[in-house]
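Novice: Quick one: the structure is below, questions incoming.
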Amino acid sequence: MAREYVQDVEFSPEDASRTERDYLAEVVAAAIEAGATTINCPDTVGYTTPAEYRAMFEHLIAHVPGANNVIFSTHCHNDLGLATANSLAGVMGGARQVECTVNGIGERAGNASLEEVVMAMRTRNDVMPFVTGIHTRKLVPISRVVSSLTGMHVQRNKAIVGENAFAHESGIHQDGMMKNRTTYEIMLPEDVGLTQTKYVLGKLSGRHAFKARLDELGCT
């Protein structure tokens, strides 16, 4: 009935990751036969592991009639802190859609974080050769908009968009960064919408960072 009105119909078998594989394949096959064009297989309670989640998609794609004619999708919750890892594993297993959220907001411990999934693929494109089409320079600005509107603050050490994600206080880190930024940064802050790396002066800072700060202030 839905296909009479739209071209893309998504079917999501609840708690797919904990469902018996053969029964899940049977249900997915019935959905595809009925007209579903996107099959979203949720890890509803954040229970699965990357190896299990990848294997689930590989099993469905290998055993479900018509699987090559639909898009498989991930939908991961973060109850065990594995949402991003599981989403990436699902893509490696054949999924071509990732359901995720800005700042990882969502039910209970949240969902897979959009910014983490996107930047993991971009930074490690050598092992995950996929393209998302996301304009990564908008990641930090949109993160801050969402945080402001929802009232849900992003923890300082949150990957990609946290205040400390591109900040360095340790003296050895600061010295290494000043000599070659790739020593301690695997991404450019500009690529996610920040203007520069932060050198935090604290008890762990060394002489090089202190001198650089004085130079910035025009005190040397």
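Novice: Excluding Gly133 itself, calculate the net charge of residues whose Cβ lies under 14 Å from the Cβ of Gly133, where each Lys or Arg counts +1 and each Asp or Glu counts -1.
Specialist: Around Gly133, the charge tally is +4.
Novice: Then there's this: At 0.890 mPa s and 25 °C, plugging the Kirkwood radius over alpha-carbon pairs of segment 74-140 into Stokes-Einstein gives what diffusion coefficient in µm²/s?
Specialist: 207
Novice: Report Rg (one decimal) and Dmax (nearest whole number) for segment 24-69, counting Cα atoms only, units Å.
Specialist: Radius of gyration, then largest Cα-Cα span, for segment 24-69: 11.0, 30 Å.
Novice: Label-point separation (nm) for Gln7 and Cys219, each offset 7 Å from Cα along Cα-to-Cβ?
Specialist: The answer from the label model is 6.2 nm.
Novice: Answer with one residue from Val9, Val127, Thr37: the one whose Cα lies farthest towards the positive end of the charge dipole of segment 2-134, charges on Cβ with Lys, Arg +1 and Asp, Glu -1.
Specialist: Value: Val127.
Novice: May I have the pair-distance distribution P(r) for segment 2-134, computed from all Cα-Cα distances with 10 Å bins from 0 and rounded to whole percent?
Specialist: Percent of pairs per bin, in order: 14, 45, 33, 8, 0.
Novice: What is the sum of charges around Arg3, taking Lys and Arg as +1, Asp and Glu as -1, for the other residues whose C-beta is under 14 Å from the C-beta of Arg3? Provide the component values of the computation, followed by the final result.
Specialist: Working: positive: none; negative: Glu4, Asp8, Glu10, Glu33.
Local charge sum for Arg3: -4.
Novice: What does the charge dipole of segment 1-123 about its Cα centre add up to, to the nearest 20 debye, if the Cβ of each Lys and Arg holds +1 and the Cβ of each Asp and Glu holds -1?
Specialist: It comes to approximately 320 debye.
Novice: Report the net charge of residues surrounding Cys100, where surrounding means a beta-carbon distance below 14 angstrom and charges are Lys +1, Arg +1, Asp -1, Glu -1.
Specialist: -4
Novice: Among Met92, Met119, Met152, Met1, what is the fewest-to-most ranking by other Cβ atoms within 10 Å?
Specialist: Result, fewest neighbours first: Met1, Met152, Met92, Met119.
Novice: Relative contact order for segment 2-134 using alpha-carbon pairs under 8 Å, separation at least 6, rounded to a whole percent?
Specialist: 20
Novice: Please report Cys100, Cys219 as a ranked list, fewest other C-beta atoms within 10 angstrom at the top and most at the bottom.
Specialist: Placing the least packed residue first, the sequence is Cys219, Cys100.
Every number in this text was worked out from the coordinates using simple rules, so none of it is lab data. Computed from a predicted structure; not experimentally measured. All Cβ positions, glycine included, derive from the backbone under ideal geometry; neighbour counts span all protein chains shown.
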